[in-house]
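Just so it is clear, none of the values below were taken in a lab; they were calculated from the coordinates. The structure displayed is predicted, hence computed values, not measured ones. Neighbour counts are summed over all protein chains in view; Cβ atoms, including those assigned to glycine, are modelled from backbone coordinates with ideal geometry.
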Amino acid sequence: MRSVTGLVGRFSVVGCAGLALSSCSGVLDPKGPIGGAERIILLDATAIMSAVILPVIAMTLAFAWRYRAGNSRAVRWPDWSYSGSLEFVVWSIPTLVILFLSGIAWIGSHDLDPRKPIRSEAKPLEVDVVSLDWKWLFILPSEGIASVNRLVVPVATPIRLRLTSASVMNSFFVPSLGSQIYTMAGMATELYLMADNPGEYAGISAQFSGDGFSNMGFVMQAVPPEGFGAWVAAARKGGGELDAARFATLARPSQADAPITYGTIASDLFEAIVAGSAPNVAADPSRGP
């Protein structure tokens with residue numbers, strides 16, 4: 001009995017810690033407009049479902065207490081069989097819940113379309129994302145630089161991400177900014193994100209992709225425009241060239257790679273990866289047709 005109590009206690013501590021962490025960061029504490037809109041949908045859906053869940057729990061406990069064996073005042077109607085008013089209530093409430101939830105899902109799925117640009121006076125920053133084994137490659141074509149496992153972006157600026165995979169299917173997700181999206185070999189998906197506040201936001205792989213999956217994380221750092229310009233200048237000055245040979249080396253499986261930058265990149269590298277003509281990509285049988 002003592003061991004069971006201890007086990008329950010440990011699970012309670014873990015659950016409370018998880019709840020506390022989730023409320024302080026990530027999807028419940030968004031730092032961008034997409035994450036904020038997704039939190040509203042989550043809270044609205046929870047409130048609507050609570051309109052059924054909470055009364056059902058309360059009535060279950062009340063009925064169990066009311067009609068317990070020791071309550072002689074509880075009245076039993078053995079011949080009762082149908083009540084139109086009760087049937088109307090029983091079916092109307094879940095029907096309304098379904099209508100409300102479907103309305104939220106329909107509107108939200110269109111308002112939060114990953115390909116829908118974010119309204120802003122700032123010009124979007126173009127970023128090409130490639131998932132590798134087991135690391136993330138970020139290419140900034142307009143700046144002519146690239147980085148691995150670290151992406152610096154200007155704050156309050158829409159980020160237009162084009163994503164693909166040079167290996168198996170994966171999933172790109174920055175919980176604080178919202179909207180995870182899959183990366184797939186041979187095709188490019190698109191996602192808009194924006195950080196409202198400066199800071200470092202953890203990015204993860206949300207799709208199991210092999211031995212190094214647990215180490216496939218990255219950092220997205222939102223900085224003021226002058227900080228972004230300084231990072232680009234430093235990358236151009238200190239980074240090497242990401243040519244075909246270096247990409248072939250980079251595409252080899254590795255884990256927990258330290259962030260690095262490349263000062264120059266081969267032209268049309270992202271398009272070559274999507275087309276399967278980049279080194280160590282076209283010959284990969286896992287890519288399919």
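With a cut-off of 14 Å between beta carbons, the residues surrounding LYS31 carry a summed charge of -3, where Lys and Arg count +1 and Asp and Glu -1. Ordering of 148-154, 182-188, 207-213, 62-68 by packing is 148-154, 182-188, 207-213, 62-68, highest average first (other Cβ atoms within 10 Å, averaged per residue).
Below 13 angstrom from the Cβ of SER120, what's the summed charge of the other residues (Lys, Arg +1; Asp, Glu -1)? That sum, taken over residues with Cβ under 13 Å, equals +2. Once you reduce region 94-166 and region 213-271 to the center of their Cα atoms, the two points are 18 Å from each other. Take every pair of alpha-carbon atoms less than 8 Å apart whose residues are at least six positions apart; their mean separation over the length of region 125-287 yields a relative contact order of 29 percent.
When you restrict to C-alpha pairs under 8 Å that are six or more residues apart and normalise by the size of the chain, the relative contact order lands at 19 percent.
Relative to the Cα centre, the charge distribution of the chain, modelled as +1 at Lys and Arg Cβ and -1 at Asp and Glu Cβ, gives a dipole magnitude of about 1060 debye. Membrane-span-like helices in the chain (whole DSSP H runs, Cα extent of at least 18 Å along the helix axis, mean Kyte-Doolittle hydropathy of at least 0.0): 2-24, 33-66, 84-111.
Given region 125-287, what percent of its DSSP beta bridges are antiparallel, to the nearest 5? Expressed as a percentage, antiparallel bridges in region 125-287 total about 65. Put simply, the amide H of VAL219, placed in the peptide plane, has neighbours under 5 Å in ARG150, LEU151, GLY203, leaving out anything fewer than 5 places away on its chain. Helical content alone sets the calculated 222 nm signal of the chain at -13500 deg cm²/dmol, taking -39,500 (n - 2.57) per DSSP H segment of four or more residues and averaging over every residue. Treating r as the C-beta distance of TYR67 and VAL89 and R0 as 22 Å, the FRET efficiency rounds to 0.65. Counting only DSSP beta bridges whose two residues both lie in the chain, roughly 65 percent are antiparallel.
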